[in-house]
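A.B. asks: Have a look at this one before I ask anything.
Please treat every number below as a calculation from the coordinates, not as lab data. The structure displayed is predicted, hence computed values, not measured ones. For neighbour counting, all protein chains shown are included, and Cβ atoms are generated from backbone atoms with ideal geometry for every residue, glycine included.
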Amino acid sequence: MKKNIKFSPVQLGFLAFFLSQSFIFFHSSSLILKNAKQDTWISLIIGFLISLFLLKLYLKTFNKNNNINIFEFNTQKFGKTIGNILNIILCLIVLMSISFILNKMCIFLTLNFIREIPIFILALTFLLLTIYTVNKGIETICRTSQILGFIGLIIFATCISLLINYMDISNIEPIFETGTSNILKGSLIYTLSSLLPLFILTMIPRDSITHEKYYDKGIILGYIVSFIITFIILNSSILVLSSNVSIIFNYPEYVMINQISIFHFIERLENIFASIFIFNIFIFISLGIYFVKTFISTNVKNEKTNKTILVLLVILLTLSLFIR
């Protein structure tokens, strides 16, 4: 990453927000609900407290490396050979994560929106869009995340407020019905799925932020807002549908919004609500590809070669959707 790149702690917070949400709604939410059921709210609180502790511990431990990214840190700490091996492993993990969540999103879209379009074409189009954003630079990704974040918050607040009349508080009773082990299992799922994606932010040196002292606060605040929204959405699905009905669906949040009907005229708001989940994936994939691009640019100085490798990565990622 170029040293003259600067963006605000608020934009960093939005990046953390989208990353921590990226694996929740297309993958982890149904698993949390199936394990914790009506005790999901307990699982989420426990998972959040564990995650917040680990996040603060990580930020405190690595706060001295203010002017280098993870790739430079690894080569300096372990030597060029071992460091680059570690960096390649990290890039492969990120690429596999992109392939996994992209596949989940494409399946969701083909089931609910555009059944006529093959997954291959859908994935390739989405990846090309993210590549275009990545080539514009990290500042563009940050500005895009800020805009999409505000739009997503408006959609979220509108839909949840319209659901209030459909909620039944008795659906979260009785408490501790699912047992301690299932509650803790739900907590672990939330911790892993919301915390691990934040590792991508290690490609951003602290001195890339306009106010370095707010680096930690930006990430933590973004994570807290992400938790609040996840907490409200998952528990709303139980309050509206009940725990027994929620666990039937792979996308209970999407089904929940289907209940909204305004004067029998405004319906199908779940399609608008689903855009929040797509925003999450778009930012995650953009940052993931930029993560890989950052590593490539530190080892390959030729710009044309750099872009060729990115194009090949897009093709490989698209093809990986067919690997089971």
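A.B. asks: Between Ile68, Ile138, Ile147, which gets the highest mean-square fluctuation from a Gaussian network model of the chain, Cα cutoff 10 Å?
C.D. replies: So, out of Ile68, Ile138, Ile147, the one fluctuating most is Ile147.
A.B. asks: Sticking with this structure for a sec: Just to be sure I understand: with springs between alpha-carbon atoms less than 10 Å apart, which residue in Gln38, Gln76, Gln259 has the highest mean-square fluctuation in the Gaussian network model of the chain?
C.D. replies: Gln76
A.B. asks: With a 10 Å Cβ neighbour count serving as the proxy for reagent exposure, in which order, fewest first, do Tyr214, Tyr190 appear?
C.D. replies: The order, fewest Cβ neighbours first, is Tyr214, Tyr190.
A.B. asks: Quick check: Cα centre of the range 171-202 to Cα centre of the range 78-98, how many Å?
C.D. replies: Measuring centre to centre over Cα atoms gives 28 Å.
A.B. asks: Give the shape of the chain as rounded, prolate or oblate, defined through the alpha-carbon gyration tensor: a ≥ b ≥ c are the square roots of its eigenvalues, a/c under 1.5 means rounded, and otherwise the shape is prolate if a/b is larger than b/c and oblate if not.
C.D. replies: prolate
A.B. asks: Measure nothing fancy, just the Cα-based angle from helix 80-112's long axis to the longest principal axis of the chain, in degrees from 0 to 90, nearest 10.
C.D. replies: Here the helix axis deviates by roughly 30 degrees.
A.B. asks: Positive end of the charge dipole of the range 69-208 (Lys, Arg +1 and Asp, Glu -1 on Cβ, about the Cα centre): tell me which of Thr144, Thr110, Ile131 has its Cα farthest that way.
C.D. replies: Ile131
A.B. asks: Once the dipole of the range 9-320 is set up with Lys and Arg at +1 and Asp and Glu at -1 on Cβ about the Cα centre, which of Ile82, Ile272, Phe23 lies farthest towards its positive end?
C.D. replies: Ile82
A.B. asks: Okay, moving on. Under a 10 Å cutoff between Cα atoms, tell me which one of Ile289, Ile85, Ile32 has the largest fluctuation in the Gaussian network model of the chain.
C.D. replies: Ile85
A.B. asks: Starting with the fewest neighbours, write out Arg206, Arg115 ranked by other beta-carbon atoms found within 10 Å of each beta-carbon.
C.D. replies: By the 10 Å Cβ count, ascending: Arg115, Arg206.
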